[in-house]
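The values are calculated or read from the model by the stated rules, or taken from the named source; none is laboratory data. A quick note: this is a predicted structure, and the numbers were derived from the prediction, not measured. Because the Cβ atoms are built from the backbone with ideal geometry, glycine has one as well, and the counts that use them run over all protein chains shown.
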Amino acid sequence: MYVYEGFGGLYRSRLGPRLLHETERRRRTAAAVELPASATKLCLAVQWNALLRRRCRAGQWAETLALFRRMAAGGGGRRRRSPEPDRFTLSIVLKACGELCNLREGRSLHGYLLRRPQEELRRDLFVGAALVEMYSRCGEMGGAAAVFNAYPSPDVALWTAVISGYQKKSMAEEAVSFFSLVLREKKHLNPNPRTLVSLIAAVTQIGAPLAGKSAHCYSLRRAFLSDLPLSNSVLNMYSKLGNADYVVRFFAAMAGKDVISWSCVLGFYARHGRTAAALELYQRMTAAGFRPNSVTVIGALQACAAAAELPEGRKLHGEILRRGLELQAAVATALIDMYMKCSCSGEAELVFSGMPTRDVVTWSAMVGGYSQSGLPDMAMEVFRRMMMEGTKPDAVAMAKLLSSCSQSGLLRQALCLHGFLLRRGFHRRRFVVAALIDLYSKCGAVELAVGVFTAMREKDAVVWSAMIAGFGINGLPGDALRLFREMIRSSAAVPGGATFASLLSACSHSGLLREGKEIFEEMEVIHGVAPAGEHVAAMVDLLGRAGELPEALKLIAAARQSHFSHAWAALLAAACRIDGGAAAEVGELAARKLSELGADDMAGPYLPLLQVFAANGRWEQVGMVRKTVEDRLLRKIPGRSSIEVAGGIHWFAAGDQNHQEIERTQLILRGLGAAMKEGGGSVFDDAASFHCVD
């Protein structure tokens, strides 16, 4: 026993001698089993690599580089203990350089590697793959290809890394060329499933169906299609290239499927308007036990939006709520788009207001939705709210806003938006310029539209088409045709379906029958553009305006079935402009065909028919059509228009009696009607002929 004398006494009596003894014992043990210098360096390298890898896995790329700099500087301790970077160290640090797009530091590491005396490290394919990935992420594909070419015997992983780098940087043609070149020159290399996945993704980007089919055949010969990612790549390729037969057959033949496979086919159906098939596939997928992800439900919502299937869309909304997907911005945006296209702006607003965060895509969906619903004032209000909340509009949002404002036709508003575009730099984007040209044209400011068109240096087919359409809607068909010929002669752009639709519409509104027929024939024979529904409708309208209803009927008979609804609607409108019993019979036939095609959910097709019957005194038929409208509870969407007077904007709607200038406006309209009758024109009396159908 010892007497306690405080800490000093305790140390002197027992603790001090014991600590000295333990320290000496450990020193002797370490000396007896001292590791060689090489083993010590190896342990240090492993420790440093573990620290680097831990930061890399946590996504701490800047911290990874900072730690590597400490390692290169000697570790920061009293004595310099800096192990040489090995293959694992270099691969980790090169990955960090790629994630940060730090090309300067990545090149420094590459230079360090080339200066190393160890030949095996310079020829290490594992390090080579890391170098290729670093250069690819930094957008330096020349450096990636140079790394590949520096290896006398590169492996398939290095080859795949270069192809993948080209593809991810949207250099699809270079990816395909590099694949073909290496396949010819490096006979020892054979593509594996990962190589083919990258190749097929590149083929899909450039839209090369023959090359895609070749890759598919090679996969079949090598029995690679059991690899699910490769099978999904082939399926995605056929769906993006629009080959419906191949999509259906390949999907049915797949031995294994995952949620990506189902989502790919569902998205294909949605993009091509096959709503019933898309929704039926969604039901099959859930019945098979697959859990839909955000991509799946977005595809199903797009299908509902395309066909205005509100009941199915609401069911999907319920499933989205049950699965907790409503908080994802992309899903909420698809919901907003679906409700807007189903004319349910209130429900779209509820989804929008319930979102915790809103990005520019979501705001754009609201602007575009109100634009499609014919509510440009609401679209502008949403845009103002977006700006007040600090969300900066992108080019897509601006294009949608311009399209919405073109419905109002307010020049002052157009000028303000043009100034905003110039300040934000959006005037360099071609599709925004096309929307601005359309806006000025619909405001009647053709000179300003021409100025915008002329100022655009690099024009594509969309910009040319917008200017051609602008001439057409302002009654300048000669200028529209002249601009089209200039477009063809200069080879500035290849005319597409929109270009010919604008031309035919211009000819129709100006009664240029011969020119319209020539353009309709040239479209497919010379330019290879197959007539779509809008082209057939424009041609039917042109023939109808010229009084050639029999020829219009022949054109409809020769058209594809998918174009019938457009064509019959155009024929009905044309028949309403012509007096006589023959026109009434044609109009009745067109209305009946529209009813059979299911295009009678609104009163629109029936009201012009009432006009035809009333003009010919066929009151019995007027009563029958009126009864049909009432029995089916059909309604006519009231028209809305606006006018800018003395800096103020005045809105008018059909049947609206609340405007402060309504009495004065009606008095002026009656005076104009009387003047039209005196001049030999005709004024249709809605109340007398429609029997208050509205």
Among all residue pairs at least 6 apart or on different chains, which show Cβ distances below 6 Å where the first residue, located in the stretch 90-110, is within 13 Å of residue 139 (Cβ to Cβ) and the second is surrounded by 21 or more Cβ atoms within 10 Å (Cβ to Cβ) and among the acidic types (Asp, Glu)? 98/133
Being in a helix (DSSP H, G or I), under 22 Å from residue 456 (Cα atoms) and not assigned by TED's automatic domain parsing to the domain that holds residue 567 is true for just one of 504, 481. Which residue is that? 481
Filtered residues of the stretch 138-164 (kept if of a type in the set (Ser, Thr, Tyr) and more than 12 Å from residue 182 (Cα to Cα)): 151, 164
Name every residue in the stretch 260-300 that is over 18 Å from residue 317 (Cα atoms) and under 21 Å from the mean Cα position of the chain (by Cα), in order of residue number. 260, 261, 262, 264, 265, 268, 269, 271, 272, 273, 274
Sort through 392, 400 and tell me the only one that's among the basic types (Lys, Arg), under 24 Å from the mean Cα position of the chain (by Cα) and not in a helix (DSSP H, G or I). 392
One residue is enough: does the stretch 155-165 have a residue meeting the conditions surrounded by fewer than 21 Cβ atoms within 10 Å (Cβ to Cβ) and either at pLDDT 95 or above or part of a loop (DSSP other than H, G, I, E, B) (or both)? yes
Any hit, the stretch 364-386, residues being surrounded by 20 or more Cβ atoms within 10 Å (Cβ to Cβ), in contact with an Asp or Glu (Cβ under 7 Å, 6 or more places away or on another chain) and of a type in the set (Phe, Trp, Tyr): no
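Quickly run through the stretch 524-545 and pick out the residues that are assigned to a helix (DSSP H, G or I) and farther than 23 Å from residue 474 by Cα.
Restricting attention to the stretch 524-545, the residues satisfying the condition of being assigned to a helix (DSSP H, G or I) are 524-525, 533-545.
Residues satisfying the conditions are 524, 525, 533.
Residue 412 - would you say it is part of a helix (DSSP H, G or I) and touching a strand residue (DSSP E or B) at 6+ places or on another chain (Cβ under 8 Å)? Reasoning before the result, please.
Working: part of a helix (DSSP H, G or I): yes; touching a strand residue (DSSP E or B) at 6+ places or on another chain (Cβ under 8 Å): yes.
Criteria met by residue 412.
How about the stretch 298-350: which of its residues are in contact with a Lys or Arg (Cβ under 8 Å, 6 or more places away or on another chain) and in a helix (DSSP H, G or I)? It would help to see each step written out before you state the result.
First, the residues of the stretch 298-350 that are in contact with a Lys or Arg (Cβ under 8 Å, 6 or more places away or on another chain): 302-303, 305-306, 308, 323, 329.
Hits for the stretch 298-350 are 302, 303, 305, 306, 323, 329.
From the list 115, 123, pick out the single residue that is loosely packed, with under 14 Cβ neighbours inside 10 Å, among the basic types (Lys, Arg), in contact (Cβ under 8 Å) with a residue 24 or more places away in the chain and farther than 18 Å from residue 175 by Cβ.
On the way: 115 fails: in contact (Cβ under 8 Å) with a residue 24 or more places away in the chain.
On inspection, the qualifying residue turns out to be 123.
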Six or more apart or on different chains, Cβ atoms under 7 Å: show the pairs whose first residue is in the stretch 312-325 and over 16 Å from residue 341 (Cβ atoms) and whose second is surrounded by fewer than 20 Cβ atoms within 10 Å (Cβ to Cβ). 320/326; 325/294
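Select from the stretch 496-510 the residues that are touching a helix residue (DSSP H, G or I) at 6+ places or on another chain (Cβ under 6 Å) and either surrounded by 24 or more Cβ atoms within 10 Å (Cβ to Cβ) or not hydrophobic (A, V, I, L, M, F, W, C) (or both) and list them in ascending order. Write out each step before concluding.
Step one: of the stretch 496-510, the residues touching a helix residue (DSSP H, G or I) at 6+ places or on another chain (Cβ under 6 Å) are 496, 498-508, 510.
If the condition is that a residue be touching a helix residue (DSSP H, G or I) at 6+ places or on another chain (Cβ under 6 Å) and either surrounded by 24 or more Cβ atoms within 10 Å (Cβ to Cβ) or not hydrophobic (A, V, I, L, M, F, W, C) (or both), then 496, 499, 500, 502, 503, 504, 505, 506, 507, 508, 510 are the ones that fit.
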Checked pairs for the stretch 472-498, first under 22 Å from residue 525 (Cα atoms), second outside any helix (DSSP H, G or I) and charged (D, E, K, R), C-beta under 7 Å and 6 or more apart or across chains, list as 492/459; 493/459; 493/460
Of the conditions (1) part of a loop (DSSP other than H, G, I, E, B); (2) more than 17 Å from residue 181 (Cβ to Cβ), residue 135 satisfies every one except a single condition; which number is it? (1)
Of (1) surrounded by fewer than 23 Cβ atoms within 10 Å (Cβ to Cβ); (2) over 24 Å from the mean Cα position of the chain (by Cα), residue 449 satisfies all except one. Which? (1)
